[in-house]
Amino acid sequence: MTESLKKHIQELCETFGISLDAASTIAEKRPIDYGYCVPGCEVCQGVGLIASDDGGWAACPNNPRRFYNSGVSESDAQLWQVLPQKTKAVERIMDALKTVLQARKGFVYIHGTPGIGKTVCARAYTVEAIQAGMRALYTRQSELINHLRASYDTERGQEEYQTRLRHYKDMDWLTIDELGRDRMNDFARESLAEIIDARYTSALSRNKVTILVSNFAPEEIFPAYIVDRVRDKKNTVLALQGRSLRL
C-alpha cells in the first residue's frame, strides 16, 4: 500500500467517523476492509470511495452502490450495441459525448427525429461518466420537475426546493432527457431555466457536463435568454434527422 493511499484512507476515516485502532491497522500485512465496497477491494480498501482529480471523492469503480440514484445501471453502457445499425446520427452523438467526457466539462444539446438513438447514447455515456469517477445523473424532464415540485409537500418547502435545485446544479454530469415532451408550465419553465443557466456557467468555468436531449429545437421549448445560452458557440448543438431505429 502506498503512502498516498494510506493518507487517503486516514482522511476518509476522519470524514466518515471510522476509527483506526492504531497505525498498524493499515500495515501491508493486514489489509483494511471497511465493508462499503466489494470484499477485498484493492482500489479503495473497502471504503467505497477514492480520491478524485478535483481534490474531492468519487465512487470506487468496484463499488456496487455507485449507480444508486443515478437513473442508470451498468448494463446501460452497452445499450447502443443492440441498435440495429450504427448510423451517422449515432456516431455524431457518441463523438460529442465522448469529447465532453474526456474534457470533463461541456454543454451538449441533442434534438431531432424520435427513435434515432439519442436516449440510448445519453444513458450509455452517463454510465461512462460514473465509471470515470464523476457524480452523474440521468433524469427525464417529468421526473426532475416532479421531484422539485414535491419539495413543497415537506415541512420546509422553499428550503427543500433550493436544496433539490442545488442537487441538479452541482452534479458533475447531468443528463436531462425528453425536454419539451410534457407541458411547460411556469414552474417547470422557471426551474429548468435556473438549472440550465447555472450549468451553462459551470460548463465554461468548472468541471461540469450538461447533456440535454429532446425531439424539439431549443427555440420550441425555452425562453430567448436560455436559447441564447444553449446556442453559445462554445456549446455543441446537434440537430439530427433519420429513420427510427425502433421500426
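Out of the residues in segment 128-160 that are of a type in the set (Val, Ile, Thr) and surrounded by fewer than 23 Cβ atoms within 10 Å (Cβ to Cβ), which is farthest from Met171 (Cα to Cα)?
Step one: filter segment 128-160 for residues of a type in the set (Val, Ile, Thr), giving 130, 139, 145, 154.
Applying the additional criterion that residues be surrounded by fewer than 23 Cβ atoms within 10 Å (Cβ to Cβ) yields 139, 145, 154.
Working: Thr139: 12, Ile145: 16, Thr154: 23 Å.
Looking at residues that are of a type in the set (Val, Ile, Thr) and surrounded by fewer than 23 Cβ atoms within 10 Å (Cβ to Cβ), I get Thr154.
Within segment 67-83, residues that are among the hydrophobic types (A, V, I, L, M, F, W, C) have Cβ atoms under 6 Å from residues that are at pLDDT below 75 and not in a helix (DSSP H, G or I) in these pairs: Leu83/Leu245, counting only partners at least 6 apart in sequence or on another chain.
Go through segment 185-214 and give me each residue that's surrounded by fewer than 18 Cβ atoms within 10 Å (Cβ to Cβ) and either of a type in the set (Ser, Thr, Tyr) or within 22 Å of Gly112 (Cα to Cα) (or both).
Applying the first criterion (surrounded by fewer than 18 Cβ atoms within 10 Å (Cβ to Cβ)) to segment 185-214 yields 185-187, 189-190, 193-194, 197-198, 201, 204-207.
Within segment 185-214, Arg189, Ala193, Thr201, Ser205 meet the criteria.
Look at segment 228-241: where a residue is β-branched (Val, Ile, Thr) and a partner is part of a helix (DSSP H, G or I) and crowded, with 17+ Cβ neighbours inside 10 Å, sitting 6+ places away or on another chain with Cβ atoms under 8 Å, you get Val230/Ile196; Val230/Tyr200; Val230/Pro218; Thr236/Ala96; Thr236/Val100; Val237/Pro218; Val237/Val230. Right, Arg199: touching a Leu at 6+ places or on another chain (Cβ under 6 Å), in the same structural domain as Val108 (by TED's automatic domain parsing) and part of a helix (DSSP H, G or I) or not? In short, no.
Tell me which helices (runs of 4 or more DSSP H) are completely within segment 61-179 and hold 3 or more residues being within 30 Å of Gly46 (Cα to Cα) and at pLDDT 90 or above, or say none if there are none.
Working: elements: 88-103, 118-131, 141-149, 157-170.
The qualifying helices (runs of 4 or more DSSP H) are 88-103, 118-131, 157-170.
Taking the numbered list (1) closer than 18 Å to Ile130 by Cα; (2) modelled with pLDDT under 65; (3) assigned to a loop (DSSP other than H, G, I, E, B); (4) not aliphatic (A, V, I, L, M) in turn, Arg30 passes all entries but (1).
The values are calculated or read from the model by the stated rules, or taken from the named source; none is laboratory data. Values in this document were obtained by computation on a predicted structure and should not be read as measured data. So basically every Cβ, Gly included, is an ideal-geometry build from the backbone, and we count neighbours across all protein chains shown.
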